[in-house]
Protein chains: 2
Amino acid sequence: MEIIGLKLPMIKEGDDLAQIILSVLENIDLALEDDDIVLVTEKIVSKSQGRLVDLETVVPTVEAKKLADATEKDPRIVELILQESREIVLTGPNFIITETLDGFVCANAGIDSSNVVEGKVKLLPLDPDRAAEDIRRKIEKTLGKHIGVVISDSFGRPFRLGSVGVAIGASGLTTLWDRRGETDLYGRTLESTRVAVADCIASAVNLVTGDGSEGIPVAVIKGLKFTGTGRALDLIREKEEDKFR
Amino acid sequence: MEIIGLKLPMIKEGDDLAQIILSVLENIDLALEDDDIVLVTEKIVSKSQGRLVDLETVVPTVEAKKLADATEKDPRIVELILQESREIVLTGPNFIITETLDGFVCANAGIDSSNVVEGKVKLLPLDPDRAAEDIRRKIEKTLGKHIGVVISDSFGRPFRLGSVGVAIGASGLTTLWDRRGETDLYGRTLESTRVAVADCIASAVNLVTGDGSEGIPVAVIKGLKFTGTGRALDLIREKEEDKFR
């Protein structure tokens, strides 16, 4: 397995990410083969979708102001968090954890003010599974190879410190590797039967992209065989089945 | 960044893992360089430490029997879980999540019955940070290179389905990459300031080792620069700072 980071030009609203990735691949003379996976950090997907919001334009509701007071956060950012969320999971001093409209449980609904210009914040991409599919189809059409695409973010988590990679969009690969029914070296049934492949890929690439802030927002992963039809949504544990909610 | 999986012979109690890894590297003519990281799945560390328990020898206490009834689990396994834990975090039908003696929050105290002979179960390695250090020192002494060693397991997690890699032991590398004070592409302070490097490494290798059950219990990672003095314990979020406990 090999991971090659790609440097891209600064991305702006309306940019065609697939086209830009194809140009960079051509420039550095890197050929994609069947089963290769292209990982794209969510920052540039959001930027290409124009998901930057000027905080000056945000008018917080009473509810947002109240939560901002309680959490000591900017009421305009809290307003955006509420707009981007379908449920508040947990709040406290300087943190708000919600379930986003797409179902991801994370801090601040994934809203980020790093790597964007002063006075603006960046929302998560719209429908990231669809965005991954679009990028995949365009690249496949041009190259005639079957590839996978993962759109990654990095989230904190309970019990452990530090952020890890998380797949928020995916197309063309198995995202949750279901090994139920397989046997181990001794012919016994496997206990750990599902592997979050797309999250492991996102974490692997996190080591190369440095959380997207090194100007390496894309990476190519070679040497894996996870061709499939999974989506990032397959990795979401439903609230009713979650013992920690 | 490149990951190369290594096939090892079956490991038994008393085996010198560093020596065996060095032999395999020599056989396949793979040279380690400074900053390379050797990842070892916990299964073989446990086996080399003789951490297999014959269930016939386990006598459950009243407490274990009670919890076994409530969770519909084998009382002998519940007894071992309690012995290996310092706190019960959450229990329910067929699951017990505890904090282990080493501080890891996971299901069944990491006790596993796959990849071991029938009638036995495998406990987590004793003092995995120390075990990683031992392996690192022996390999470094022989090769004269500075390497990192990570001992990995795979855990489930709240909010998301499927298991991901987790570092339970580490030596010779930065495990938690603290980026506080660094700035982004626009000179703004980074928001996501700590990256769980060793967990990302464990997840990356999970894709190659297939959760340790493919007979590939060791991997070499080349191309990263995380030389440091971190330990896996650095990645544990203290209970008092954990909003989900």
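Quick note: the coordinates plus some simple rules give every number you see, no bench work behind them. Here the structure is a predicted model, which means the values were calculated and not measured. As a convention, Cβ positions derive from the backbone with ideal geometry for all residues, glycine included, and neighbour counts pool all protein chains shown.
Values computed for the structure shown
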item: Added length on full extension, which subtracts the Cα-Cα distance from 0.36 nm per residue, A:R180 to A:I28; result: 50.6 nm
item: Whole-Hz ³J(HN,Hα) from phi, Karplus 6.51 cos²θ - 1.76 cosθ + 1.60, for the range B:44-53, glycine and proline x; result: 7, 5, 4, 4, 5, 7, x, 8, 8, 10
item: Whole-Å distance, taken between Cα centres, linking the range B:222-240 and the range A:1-77; result: 27 Å
item: Nonlocal amide H pairs with A:L161, under 5 Å, H built at 1.01 Å; result: B:I236, B:R237
item: Integer Hz, Karplus 6.51/-1.76/1.60 couplings in order for the range A:226-237, x for Gly and Pro; result: 10, 3, x, 10, x, 10, 5, 4, 4, 8, 7, 7
item: Average beta carbon contacts from partner chains per residue of B:110-118, 10 Å cutoff; result: 4
item: Loop trypsin sites (Lys or Arg not before Pro), the range B:145-205 (other Cβ atoms within 10 Å of the site Cβ: 11 or fewer; DSSP); result: B:R180
item: Backbone HN-Hα couplings from phi across the range B:67-73 [Karplus 6.51/-1.76/1.60, Hz, Gly and Pro as x]; result: 5, 5, 4, 5, 9, 6, 10
item: Residue order, fewest to most surrounding Cβ atoms within 10 angstrom, among B:E2, A:E63, A:E140, A:E240; result: A:E240, A:E63, B:E2, A:E140
item: Packing-based exposure ordering (other Cβ within 10 Å, fewest first) of B:L101, A:L8, A:L32, B:L124; result: B:L101, A:L8, A:L32, B:L124
item: Computed [θ] at 222 nm, helices only, for chain A once each DSSP H run of length n ≥ 4 contributes -39500 (n - 2.57); result: -8000 deg cm²/dmol
item: Highest-fluctuation residue, A:P60, A:P158, A:P75 considered, GNM on chain A with Cα pairs under 10 Å; result: A:P158
item: Listed pairs A:K12/A:K141; A:K43/B:K222; A:K12/A:K120; B:K12/B:K65; A:K7/A:K43 exceeding 20 Å between Cα atoms; result: A:K12/A:K141; A:K43/B:K222; B:K12/B:K65
item: For A:R231, residues with placed amide H under 5 Å, excluding near neighbours; result: A:T175
item: B:T98, B:T61, A:T193 arranged by Cβ crowding within 10 Å, fewest neighbours leading; result: B:T61, A:T193, B:T98
item: Bridge type composition, the protein assembly as shown - antiparallel percent by DSSP, nearest 5; result: 85 percent
